[in-house]
Amino acid sequence: MNLNGPSPLIWVIDDDDIHNYVVGHLLNMTNVQCKSEVFTDAIVATEKIKKLPVTDLPDIILLDINMPVMNAWDFLDIIKTIAPDPLPSTRTYVLSSSIYEKDIDKAREYPAVYGYLTKPVSLTTINDVIGGTLSPTFVHDS
Amino acid sequence: MGDGLQVKETKTEERLQTYFELLSRGYRFYLFKLNMKTPHNLMYISPSCYQMLGYRQKEFYADPKLRTKIIISDGINNLNPTYKYIPADVEYVEAQFQRKDGKIIWVELHRKAFYDANGSPDFILGIVIDSSVRKAAELKARETEARYEKLIEMSPDGVAIEKKGVIQFVNRSMVELLGAKSPEEIIGRSVCDFVHPHYQKDMREKIESIMKGETQLLSHIDSRAVQLSGKIVDVDASARRFIDNKNEEAALIFVRNTTDKKISEQKIRDSEVLFRSTIENSVDMIMHCDKDGNFKYVSHSCVRELSYSAEELAKINGFDIIYPDDRQSSKEIFCDLLKKPAQSIFLTFRIVNKAGEVLWIEGTFLNLLHVSAVNAIVVNIRNITERRQSEQEKRDLYERIKQHANKLEQLTYVTSHNLRAPLANLLSLTEIMRHAKEENMMEQVVDKMEISVRRLDNTLRDVIHIMSLQQREEKDWQQMSWEDIYNEATQRLENQIQQSGVVIRTAFKDAPTINFNRTYLINIIQNLVENAIKYRSPNRPATILLKTETIKKYTRLTVVDNGIGIDLKNYGTKLFGLYQRLHPEIAGKGIGLYLVKSQVESQGGYMEVESEPDVGTAFYVYLTNN
């Protein structure tokens with residue numbers, strides 16, 4: 001786990017404004033203080049990844065599945081085309097309200113996805129994600 | 001008395017003698033006179049003895065023993081003329097004499113004794129006639145008779161001779177036929193004793209007519225005989241009138257036991273009935289046709305299926321009723337079959353029945369031309385039109401079910417997100433609320449909770465609405481004018497139309513009315529127009545055109561705008577997707593087009609779209625007519 005200085009950078013890619021409020025609230029309460037950036041449009045996130053130097057890339061990405069125009073899978077597919085390993089030191093988690101098995105299976109297919117978090121996400125889980133102490137299981141219910 | 005009389009007697013005798021000699025010259029007989037007073041004395045023999053026996057007169061006169069010598073065999077009487085017994089009248093004897101050349105001939109000997117004035121035997125006058133011809137004929141007749149008797153005895157048919165109503169003779173086969181052990185059990189009885197009561201009257205009449213001479217010959221009469229035991233046998237009887245060897249009228253009766261034949265005939269009839277009824281009642285069509293395809297026989301189901309009468313079918317050539325497109329290939333396969341005796345082929349093809357309907361047919365053609373009892377191509381086919389239709393219906397049904405299943409899956413997926421998302425948020429918000437310290441934070445949280453709950457509620461409503469779409473039926477359809485519907489739909493969009501300044505043109509002339517579900521149609525127009533307004537271009541004044549036209553069995557509504565367009569290449573599949581929004585900056589739930597498409601498709605129509613980014617978009621809605 002690569003920390004960007006004392007404050008890890010977390011990107012939240014989700015169009016659900018209410019949920020982004022909730023996550024924002026949680027991130028204020030974490031053990032380790034962190035910086036966060038919210039994208040309601042995944043396309044904007046891909047643009048940024050293309051342009052940013054590696055050092056400025058996020059440590060953690062929390063990726064929602066169901067977003068208009070570009071969803072999680074589209075995002076992950078596009079990322080692969082940017083470079084062979086576009087996010088070398090980033091942990092990407094799918095964070096979704098869906099408990100539909102097909103979504104979970106699909107997430108497994110992407111090696112870039114470290115784990116699957118189901119909403120509502122708890123503070124404990126967020127702390128574990130940031131601290132890198134999340135258990136090795138793929139799916140994490142809160 | 002005196003010499004005069006004797007002279008007269010001698011003269012008479014001389015004259016008679018001469019007469020005889022003259023007479024006998026041409027005929028095979030001779031006359032002789034034997035002296036009874038001196039027994040061996042041949043007084044006279046006529047010269048014709050030479051023609052008959054080959055011996056001359058003088059040989060007889062010279063040798064008294066010659067007369068005895070020539071006797072080979074005589075009849076009952078002894079021809080030796082030492083007569084103890086003198087025949088009073090003309091005596092007739094048959095004998096065999098040997099001629100001089102050794103040949104033996106049959107003779108008839110007639111003789112009479114004459115007496116003198118005192119009553120004592122004077123002389124015998126006799127005549128010997130060559131009866132060889134007659135005898136030969138007699139022997140031949142007897143031989144023939146013997147042969148016939150043998151034939152009759154050996155005949156496998158029963159033979160009986162009946163005279164005056166009584167059986168005189170039966171052969172062995174007749175004895176067997178009547179179940180007797182010997183002819184004696186039958187001879188002497190009446191013919192009618194052995195005729196079945198039902199047939200007796202008929203038989204009696206027939207025999208009478210024969211005996212009266214009205215008919216000479218009866219042949220092959222079906223009748224029934226009764227054996228001695230009482231058992232009944234079927235018979236075939238013939239009879240004829242004839243004259244027997246006693247010169248009396250008789251009837252010659254021939255009888256054949258046909259019981260077995262009758263039983264097998266009945267079996268054949270039964271099996272024919274069984275077979276025929278099987279074929280006639282078969283649901284399949286069965287026909288026999290000749291090598292050219294003309295019908296020789298058609299079962300009843302053919303009449304039913306093809307609507308032609310049996311008479312019409314008898315004149316039809318099978319190929320004429322085959323559907324034209326299938327004719328050539330059927331003919332080729334048929335001709336190929338003609339070359340293969342005992343082979344069969346399975347064909348699927350179409351027939352046009354009398355009503356002009358096209359029927360799908362499948363079945364077998366079996367070549368039995370080489371079997372003399374059949375001499376036809378045996379066709380066994382069935383009407384599979386319904387089956388094909390129902391197969392097609394099944395396929396259609398399967399498609400529809402698949403589509404439904406897909407839709408349900410889509411719905412499941414979508415609600416899994418769109419229902420759970422606000423719920424998950426609510427859970428988190430309640431958690432946050434517990435820790436909320438400040439007043440206005442509390443208020444913030446409560447606001448967000450409200451939003452989440454409303455989102456939840458809306459999603460549920462959408463889902464319910466989408467689910468209810470499947471159940472709409474045609475009875476909710478009504479005839480409407482596009483103009484009216486358009487006006488009602490755009491009434492609800494008045495504000496947006498005004499604010500946007502969009503110009504809307506309509507062209508409903510080509511198809512002014514439609515028979516459709518009113519609610520749906522209003523929703524469709526409202527949605528498409530609203531989209532056109534929402535996605536207008538900021539670079540130019542917005543215009544929208546609505547047009548209707550009839551294309552084949554559809555009415556097509558076109559909604560064209562000059563807005564920002566859609567990148568169909570990348571996002572075409574998402575256009576009609578549920579909760580798919582391509583321009584998140586523009587407000588919308590993302591179910592508008594999904595609903596429109598569902599509504600259109602649920603009523604048997606479909607949609608198409610053309611678009612170019614920054615040029616405009618055209619939506620085509622195909623609605624089924626009537």
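Restricted to region B:417-440, and to residues there that are surrounded by fewer than 20 Cβ atoms within 10 Å (Cβ to Cβ) and of a type in the set (S, T, N, Q), the residue that is nearest to residue A:24 (Cα to Cα) is B:430.
There is no residue in region A:85-95 that is in contact with a strand residue (DSSP E or B) (Cβ under 8 Å, 6 or more places away or on another chain), modelled with pLDDT of 90 or more and farther than 24 Å from residue A:43 by Cβ. Here is the figure for region B:274-300: residues that are of a type in the set (D, E, K, R) and surrounded by 14 or more Cβ atoms within 10 Å (Cβ to Cβ) total 3.
Pairs meeting the criteria (first residue in region B:529-541 and more than 17 Å from residue B:493 (Cβ to Cβ), second residue exposed (fewer than 11 other Cβ atoms within 10 Å of the Cβ), beta carbons under 8 Å, at least 6 apart or on different chains) are B:541/B:501. When residue B:431 is tested against (1) more than 9 Å from chain A (Cβ to nearest Cβ); (2) part of a helix (DSSP H, G or I); (3) modelled with pLDDT under 90, just one condition goes unmet, and that condition is (1). Count of region B:217-238 residues, restricted to those that are loosely packed, with under 15 Cβ neighbours inside 10 Å and without any contact (Cβ under 8 Å) to a residue 40 or more places away in the chain, is 6.
Of the residues that make up region B:609-626, is at least one assigned to a loop (DSSP other than H, G, I, E, B), modelled with pLDDT of 90 or more and over 25 Å from residue A:73 (Cβ atoms)? Yes, region B:609-626 contains a residue that is assigned to a loop (DSSP other than H, G, I, E, B), modelled with pLDDT of 90 or more and over 25 Å from residue A:73 (Cβ atoms). Filtering A:76, A:26 for residues that are over 24 Å from residue B:448 (Cβ atoms) and either at pLDDT 90 or above or touching a Lys or Arg at 6+ places or on another chain (Cβ under 9 Å) (or both) leaves a single hit, A:76. Kindly provide the set of residues from region B:36-65 that are part of a helix (DSSP H, G or I) and more than 23 Å from residue B:121 (Cα to Cα), ordered by number. Result: B:49, B:50, B:51, B:52, B:53, B:57, B:58, B:59, B:62. So for region B:508-518 (the condition being within 14 Å of another protein chain (Cβ to nearest Cβ) and over 60 Å from the mean Cα position of the chain (by Cα)), does at least one residue qualify? Checked against the condition, which is being within 14 Å of another protein chain (Cβ to nearest Cβ) and over 60 Å from the mean Cα position of the chain (by Cα), region B:508-518 yields no hits at all.
Regarding residue B:445, is this residue crowded, with 17+ Cβ neighbours inside 10 Å, within 14 Å of chain A (Cβ to nearest Cβ), in contact with a helix residue (DSSP H, G or I) (Cβ under 6 Å, 6 or more places away or on another chain) and hydrophobic (A, V, I, L, M, F, W, C)? Criteria met by residue B:445. Confirm whether residue B:321 is exposed (fewer than 12 other Cβ atoms within 10 Å of the Cβ) and β-branched (Val, Ile, Thr). For residue B:321, the condition - exposed (fewer than 12 other Cβ atoms within 10 Å of the Cβ) and β-branched (Val, Ile, Thr) - is not met. For region B:416-450, give me each residue that is in contact with an Asp or Glu (Cβ under 9 Å, 6 or more places away or on another chain) and in contact (Cβ under 8 Å) with a residue 12 or more places away in the chain. Across region B:416-450, the qualifying residues are B:417, B:418, B:421, B:422, B:425, B:448. Annotation note: Cβ proximity below 9 Å between a residue of region A:26-39 that is more than 14 Å from every other protein chain (Cβ to nearest Cβ) and a residue that is among the basic types (Lys, Arg) and surrounded by fewer than 17 Cβ atoms within 10 Å (Cβ to Cβ) (sequence gap 6+ or interchain) occurs for A:37/A:48.
Among A:78, A:99, A:82, which is of a type in the set (Val, Ile, Thr) and either exposed (fewer than 14 other Cβ atoms within 10 Å of the Cβ) or under 15 Å from the mean Cα position of the chain (by Cα) (or both)?
Only one candidate passes the filter, namely A:82.
How many residues does region A:6-25 hold that are under 19 Å from residue A:78 (Cβ atoms) and within 14 Å of chain B (Cβ to nearest Cβ)?
Going residue by residue through region A:6-25, those that are under 19 Å from residue A:78 (Cβ atoms) are A:11-15.
Right, trim to within 14 Å of chain B (Cβ to nearest Cβ) and you get A:12-15.
Of the residues in that region, 4 qualify.
Here region A:109-130 is the region considered, the condition is being over 27 Å from residue A:25 (Cβ atoms) and part of a loop (DSSP other than H, G, I, E, B), and the residue that is nearest to the other protein chains (Cβ to nearest Cβ) is A:110. Of everything in region B:159-177 that is closer than 14 Å to residue B:188 by Cβ and touching a Pro at 6+ places or on another chain (Cβ under 6 Å), the residue that is surrounded by the most Cβ atoms within 10 Å (Cβ to Cβ) is B:170. Quick check on residue B:336: is it out of contact with any Ser or Thr (no Cβ under 8 Å at 6 or more places or on another chain), acidic (Asp, Glu) and in contact (Cβ under 8 Å) with a residue 12 or more places away in the chain? Against the criterion (out of contact with any Ser or Thr (no Cβ under 8 Å at 6 or more places or on another chain), acidic (Asp, Glu) and in contact (Cβ under 8 Å) with a residue 12 or more places away in the chain), residue B:336 does not qualify.
Criterion first (modelled with pLDDT under 85, assigned to a loop (DSSP other than H, G, I, E, B) and over 60 Å from the mean Cα position of the chain (by Cα)) does residue B:79 satisfy it? Here the answer is yes, as residue B:79 does meet what is asked.
Taking each residue of region B:187-206 that is in contact (Cβ under 8 Å) with a residue 40 or more places away in the chain and looking for partners that are of a type in the set (Asp, Glu) with beta-carbon atoms closer than 6 Å, six or more apart or interchain, yields B:191/B:162.
Yes or no: residue B:425 assigned to a helix (DSSP H, G or I) and away from every other protein chain (no Cβ under 14 Å)? Taking the combined requirement at face value, the residue does not satisfy it. Scan region B:384-416 for residues that are polar (S, T, N, Q), surrounded by 14 or more Cβ atoms within 10 Å (Cβ to Cβ) and within 14 Å of chain A (Cβ to nearest Cβ) and the total you get is 3. On the basis of being surrounded by fewer than 19 Cβ atoms within 10 Å (Cβ to Cβ) and in contact (Cβ under 8 Å) with a residue 24 or more places away in the chain, does residue A:108 make the cut? Yes: the conditions hold for residue A:108. Taking the conditions (1) closer than 28 Å to residue B:576 by Cα; (2) away from chain B (no Cβ under 14 Å) in turn, residue A:58 satisfies each one other than (1). Within region B:197-216, the residues that satisfy the criterion of being buried (at least 16 other Cβ atoms within 10 Å of the Cβ) and farther than 18 Å from residue B:241 by Cβ are B:199, B:200.
The values are calculated or read from the model by the stated rules, or taken from the named source; none is laboratory data. On a predicted model such as this, the values are computed, not experimentally measured, just so you know. Methodologically, a virtual Cβ is constructed for each residue, glycine included, from the backbone with ideal geometry; neighbour enumeration extends over all protein chains shown.
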